[in-house]
Amino acid sequence: QARELDAPQFAAICCLLISEPVRRDPRMEPPAITRQTRPILTRILHLCEDIEAQQLDHGVDRAVPQETLYCGVAEIWASGVAWETLE
């Protein structure tokens, strides 16, 4: 079932799919993904697992690790919160 995403949800998904391996900052606890966005990210993560299984079956390395740690930051930033207040 397709549905339209708002800008913050789209930012969270982009963060999931194009992020580099996470470097945790012990001084910061990233905000959680919103309740509305969590099911979307969960569905995409399941699709990524399916794709990865196919890649492994065909000898293709995993290209992009999926990490949700900073998806909440991207989501909040895209909703209009100033980047400086997220630090």
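Structural remarks
- Residue check, Glu75 open to solvent by less than 30 Å² (accessible area, probe 1.4 Å) and not basic (Lys, Arg): yes
- Test result for Glu67, open to solvent by 50 Å² or more (accessible area, probe 1.4 Å), among the acidic types (Asp, Glu) and out of contact with any Cys (no Cβ under 7 Å at 6 or more places or on another chain): yes
- Residues of the range 1-57 satisfying the condition of being charged (D, E, K, R) and open to solvent by less than 70 Å² (accessible area, probe 1.4 Å): Asp25, Glu52
- Among the helices (runs of 4 or more DSSP H) confined to the chain, the ones with at least 1 residues that are touching a Phe, Trp or Tyr at 6+ places or on another chain (Cβ under 9 Å) and of a type in the set (Gly, Ala, Ser) are located at 7-18, 71-78.
- Count of residues meeting criterion [farther than 14 Å from Gly72 by Cβ and either over 14 Å from the mean Cα position of the chain (by Cα) or modelled with pLDDT under 90 (or both)] in the range 26-43: 2
The values are calculated or read from the model by the stated rules, or taken from the named source; none is laboratory data. As the structure is a computational prediction, the values presented were derived from the model and not from experiment. Glycine also receives a Cβ, built like all others from the backbone with ideal geometry; neighbour counts cover every protein chain displayed. Quick note on the areas: whole protein, heavy atoms, side chains included, nothing else; ligands and nucleic acids left out. Shrake-Rupley method; radii C 1.70, N 1.55, O 1.52, S 1.80 Å.
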